[in-house]
Every structure is written in structure tokens, then in C-alpha cells.
Amino acid sequence: MSKLNIDLVIDKVLKEKKSEVNSKVEIFSEINKDGYKETFLELVYVILAAGTSAKLALSTVDILKKDDFVFNKDLTQIIKKLKGCYRFYNLRGKYIYNTREYIRSSYNNSFKKIFNDNSSHYRRRSFFSSNPKVQGVGMKAASHFLRNIGFNDYAILDKHIINLMKECGLISLDFKTLNEKNYIAIENILRKVGSRHNLTLSSLDLVLWYFKTGKIIK
């Protein structure tokens, strides 16, 4: 069976969806400008999206943000609300609440301060992926969060992207989990692919995800 050609895949999607990809990236670039609440909701989204569907995570965020529920309620109330709409309500409820309280107590709800204190590419992601106070967020979720708020140079290595890279012969290893070293190595492969098409990793992810799923979604 012949391998897919990654460059032909990209060209095909861009021919059909370039304007939609550019529009989505533009929306991402505005999120972090909207202040703490919109940025925190993106963090909630990636916590909820892990191990489940983007669609379910989005619908759950819509429930949690109504009347500022997720910003004001205690742990018991958040878990109870999640129980009615989401499978992993106990664990993810704790992740969301504990992370919210950490950002509130240590950074006065200021993501700007977090990014100022962690301004390099590596430290910015590491703050979310390796910080035990930010719960339920690994390399993939941290990259997803940062992409969704306008940082364009992080790859989201979900199963769709990994499988497509295998199908295109870009990687050959089987990964049950991605450690940081492997994640960065694969991310660098994608960065080189994107540069051939003048695409950031943010745009490239949307292109490749669309090829595998037929959808452009955050």
C-alpha cells in the first residue's frame, strides 16, 4: 500500500479550505485579548476534551460558562453540574476547580502575568504541562490551549495527527504515550512540513485535522 504524500494532502485541503483555516486562526488570535474569563474557558475546554470528543467538550463548556457558573461555584457544585452532562465528572471537576483556585490565588486571575513570567516558547508550555498546580493538562492539552488563545507555534499531537503522520511515512514508531522528548521531536517534523507551505503549526493542525475528520474545529 502506497504512502500518502503529506504535501499533496496539504495542498488539497488548502485548495478547499484555506479561507476557513485562516478565519479560524484569526479567531484564536483574539481570545487571549478578551481577558481572563475567555482564556480560562479555553483551559477548561482542553481539560474536558482529553479522552473524549471535541463536540462534548464544547457543549459542556457552554453549560459551565452560563451565568459565570464555573467561575463562582465551589467544587461540589461543579462536580454536580458535570455529572449531568459529562462522563468524568469527579476527576475533571477537581481539575477545573483546583486549577481555577491556583490561578486565582497565585496570579490574581491574570494570564498576562503568567505569560510575562513564562515568556519563552518552552517555559510557556511547560507552565501548563509540567506544573502540578495546573491539573489535567499534559503536553498535548497545553499545546491545544496555547494554540486556541493565539500562540501559533505548538503542535497538537492527537491520534488523528499521529496516525496521518504514520500514513505519510513521517514517523514509524507506535506511541501509547508521548513523553516530552518525543513530543518535541515530532513537533519539529511538523514545523518543517509547515514551513514548506508557509503554514504555522496552528494552521497546519487545522489542515491535517480536517483531512482526517472532515471538520475544522478548535
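Assuming charge only on the beta carbon of Lys and Arg (+1) and of Asp and Glu (-1), the dipole of the chain about its Cα centre is about 420 debye to the nearest 20. Which pairs break 21 Å Cα to Cα here: LYS37/LYS94; LYS140/LYS215; LYS24/LYS83; LYS33/LYS65; LYS37/LYS218? Long pairs (Cα-Cα over 21 Å): LYS24/LYS83. Each of VAL137, LEU157, PHE40 was scored by the projection of its Cα onto the charge dipole of the chain, and the greatest displacement toward the positive side belongs to VAL137; charges sit on the C-beta of Lys, Arg, Asp and Glu.
Residue-normalised convex hull volume from the C-alpha trace of the chain: 127 Å³ per residue. Evaluate the charge dipole of region 135-182 about its Cα centre and quote only its size in Debye, nearest 20, assuming +1 on the Cβ of each Lys and Arg and -1 on the Cβ of each Asp and Glu. Once rounded to the nearest 20, the dipole reads 80 debye.
When shorter helices are ignored and each DSSP H run of at least 4 residues is given -39500 (n - 2.57), the per-residue value for the chain at 222 nm works out to -21500 deg cm²/dmol.
All alpha carbon pair distances within region 1-65 were sorted into 5 Å bins beginning at 0; the resulting P(r) in whole percents reads 3, 15, 15, 15, 17, 15, 11, 6, 2, 1.
Calculated over region 32-148, the projected area of the Cα convex hull averaged across directions stands at 6.6 nm². Between the residues ILE10, ILE27, ILE171, the greatest Cα displacement towards the positive end of the dipole of the chain, with unit charges on the Cβ of Lys, Arg, Asp and Glu, is found for ILE171.
A short reminder: the numbers here are calculations on the coordinates, not readings from a lab. This structure is a prediction, so every number in the text was calculated from the model and none was measured. Neighbour counts are summed over all protein chains in view; Cβ atoms, including those assigned to glycine, are modelled from backbone coordinates with ideal geometry.
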